[in-house]
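The values are calculated or read from the model by the stated rules, or taken from the named source; none is laboratory data. Because the structure is predicted, anything quoted here is derived from the model rather than measured. In this analysis, Cβ positions are derived from the backbone assuming ideal geometry, glycine residues included, and neighbour counts consider all displayed protein chains. Accessible surface areas use protein heavy atoms only, side chains included; no ligands, DNA or RNA. Shrake-Rupley method; radii C 1.70, N 1.55, O 1.52, S 1.80 Å.
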Amino acid sequence: MSSDGEEEFEFEFEDDDEGFDPEADSAGESISDAEAFDIMSPTLEEPPEKKPYDVNYRVRTMQEIMDMQTKEVKKVQSLLEVPADTAATLLRYYAWNSEKLQEQFWNDPTAALVSAGLSPPSSPSTSTQPLPSPLASPRPFECPICCMDYTKEQTATQTLALGCGHRFCRGCWTEYVVGKITTEGESGRIQCMESGCSRIVRAEPIDELVTSDVSKKYHNLLNQAFVSDAPSLRWCPHPGCEHIIECSQAPQKMLNQLVPTVTCRCGNDLCFGCGYPASHRPVICRIVKLWEKKCADDSETANWLQANTKECTKCQSTIEKNGGCNHMTCKKCKWEFCWVCMGPWSEHGTAWYQCNRFDEKSGSDNRDHQAKSRQSLERYLHYFNRWANHEHSAKLDADFYKSTQKKMEQMQSSANMSWIEVQFAKQAVDTVIAARITLKWSYCMAFYLKRNNMTELFEDNQRDLERAVETLGYSLEQNIGDVGAIAKLRQEVTNQSAYVQKRHDILMDDTLRGYLEHRWEFTV
Amino acid sequence: MSALPKRILKETERLMSDSPPGISAAPKDDNLRHFDVSVSGPGQSPYEGGIFKLELFLPEEYPMNPPKVRFLTKIYHPNIDKLGRICLDILKDKWSPALQIRTVLLSIQALLGAPNPDDPLANDVAQHWKENEKAAIEQAREWTRMYAQ
């Protein structure tokens, strides 16, 4: 199992953008070692550089997903010697884990079939034939659901029972199945209408009962279930994109060491690990989730209250002091206390104006608590503000591109530069934007990092990148001067942009390697 | 409102002529999909001796969708909340169009005989049930006396 994975790791260097070639895998396996070497050596040089923290993946289309299912069904069909429809139902029940299915099936075929909602093998006529067999001796029939009567002849053609024998009229079946598919979004788990019967309604009768629109929806739902069942597949989360990412190198247990950022064919990034619809490198999924929750929670409101208000030491009413002296009288319970030390006012005597009661136990506990929560709030806000600042900048990306575009046109006309010569500006903007996304997440990371030497190195890298981005950003904001100035600006921007790229690579590379080397310690 | 489907007519007819023991259900005059129901508390339960009023409504999609049922009489039960809503699987995901008003009401009566505090709807009641079953049952008896008689 593991050797297979590694082999794949070594072999698959092809461009992710290339279409799926169903023969690729088998071709790769059948070629001899010498040939393989020949094929590999050029590809090994070609890709930019494959980092140990990058993952191999492929972008799949819906058609490919369907082919994958067919392939899997065919395999199980021939292994277990069951009809395709049965194999598909079994696979769906076992969440497409064919190893587990085979184990259970060989162990006890009847149990495997029955638990998946199929007829036991002892009744071959129904297990292979999901459609209602005509009644042995047709007789008049009343549908228990709509209470309509059917004559002998109608019973054979207008009613239907699955292998379990629960017979209902076609009209009711259709209404039921359509409801399950269109309003409940069910697909592979639609059961017989009889209460308590767990027999599954399979694809064949469903396709026959419903219109082609509903049937299409049903098969779409089946495909969706296939994708969500397979740990190596994930839908592209970007609106309107119908691609699926396949990646077998980022299983759940690896997500503490890997940030499997992938790029879909639609051009957008996503995290294969958690489905976040953009790159969140260099932070691992677990920390991103914590951060998002923290930012969304109003737990911070509570922190604000704690930092900016005090509670009456007697009745616990929350008080925000907005002026006046330190001799507080609680409006609610009339308790008198000192705002500074939180001790009872009666203990102050005449020395209240100095509040020299620093060591009194009653007050110091209250103060400690407050200081702590104020500090924690400040710490959070420090990181949050920087995170949010980059988040905000990213929202202005479109404007940034637009203003740069204008400058590029200006340069083309005033300095008589060619289109290709002014591309440096756009490339610089690309660099800035990519670096800002990384910087943004680096603040989330820093918030959760334990203070130690490694963290200091991380923050040094972060600072260097931050500074480089600022400088480049400033240069890009400059107004266009005369021809000489433009040439100078171009030189500057090109250099700075290369520097940002370098700092970006260093931060990213070091941080992602750090996970593999277990260098990062988080406080949570 | 469109004409009543045959299924509903048949069910109503049977409910009126041959109602299960301790259960009665009759459609309202102005809306034949809206039933006045009364269920008597099962013997050996804290609801014994009580008559509980419920309302039952058959939505347009019935029997593909379950009927909507609600207690009108106040009741102290871990699976029934203050508004009379009932936590019962066959009224939700375990609904089957082959079930009927009759089977639903029988299930509700059975729920009175077998409260399930592990799947609570009324959290405070369920908590009470788990911490001090005896006292909770006494409370249920008390409410039965106060509201259902």
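The figures follow:
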| quantity | calculated |
| --- | --- |
| Where GluC sites (Glu not before Pro) fall in DSSP loop in the range A:445-524, at most 12 other Cβ within 10 Å | A:GLU517, A:GLU521 |
| Restricting the range A:260-294 to trypsin sites (Lys or Arg not before Pro) in coil, as DSSP defines it, with at most 13 other Cβ within 10 Å | none |
| Shielding by other protein chains, B:97-110, mean Cβ within 10 Å | 2 |
| Reachable lysines from A:LYS51, criterion Cα separation under 24 angstrom, eight or more residues apart if same chain | A:LYS253, A:LYS440, A:LYS502 |
| Extension reserve of the A:LYS502-A:LYS372 stretch, reckoned as 0.36 nm per residue once the Cα distance is removed | 42.9 nm |
| Greater than 29 Å apart at Cα, pairs in A:LYS100/B:LYS92; A:LYS180/B:LYS68; A:LYS216/A:LYS289 | A:LYS100/B:LYS92; A:LYS216/A:LYS289 |
| Sum of -39500 (n - 2.57) over DSSP H runs of 4+, divided by residues of chain B (222 nm, nearest 500) | -10500 deg cm²/dmol |
| Inter-chain shielding of A:193-199 (mean C-beta neighbours from other protein chains, 10 Å cut-off) | 4 |
| 12 Å beta-carbon shell around A:ARG467, net charge (K/R +1, D/E -1) | -2 |
| Amide H contacts under 5 Å for B:PHE52, placed H, 5+ residues apart | B:VAL39, B:SER40, B:GLY41 |
| Exposure of B:LEU121 as accessible area (Å², to 10), given a probe of 1.4 Å and all protein chains | 60 Å² |
| Sparse-neighbour loop sites [GluC sites (Glu not before Pro); the range A:61-97; at most 13 other C-beta within 10 Å; DSSP] | A:GLU81 |
| Contact order relative to length of the range A:199-275, as percent, for alpha carbon pairs under 8 angstrom and 6 or more apart | 20 percent |
| Extended-chain gain in nm, criterion 0.36 nm per residue less alpha-carbon gap, A:CYS197 and A:VAL114 | 28.8 nm |
| Globularity index of the protein assembly as shown, i.e. its alpha-carbon radius of gyration over 2.2 N^0.38 Å | 1.35 |
| Whole-Hz ³J(HN,Hα) from phi, Karplus 6.51 cos²θ - 1.76 cosθ + 1.60, for the range A:235-246, glycine and proline x | 5, 5, x, 7, x, x, 8, 10, 8, 10, 9, 10 |
| The range A:373-516, relative contact order [Cα under 8 Å, separation at least 6], % | 30 percent |
| In Å², nearest 10: area of A:ARG374 left accessible to a 1.4 Å probe | 100 Å² |
| 3J(HN,Hα) from dihedral phi, the range A:329-341, Karplus parametrisation 6.51/-1.76/1.60, rounded to Hz, x for glycine, proline | 10, 4, 4, 7, 10, 6, 5, 9, 8, 9, 5, 6, 9 |
| In Å², nearest 10: area of A:HIS392 left accessible to a 1.4 Å probe | 110 Å² |
| Kirkwood Rh and Cα Rg combined as Rg over Rh, evaluated for the range A:373-516 | 1.07 |
| Cβ-based net charge around A:ALA225, under 12 Å, with every Lys or Arg adding one and every Asp or Glu removing one | 0 |
| Average other protein chain Cβ within 10 Å of Cβ, residues B:9-15 | 1 |
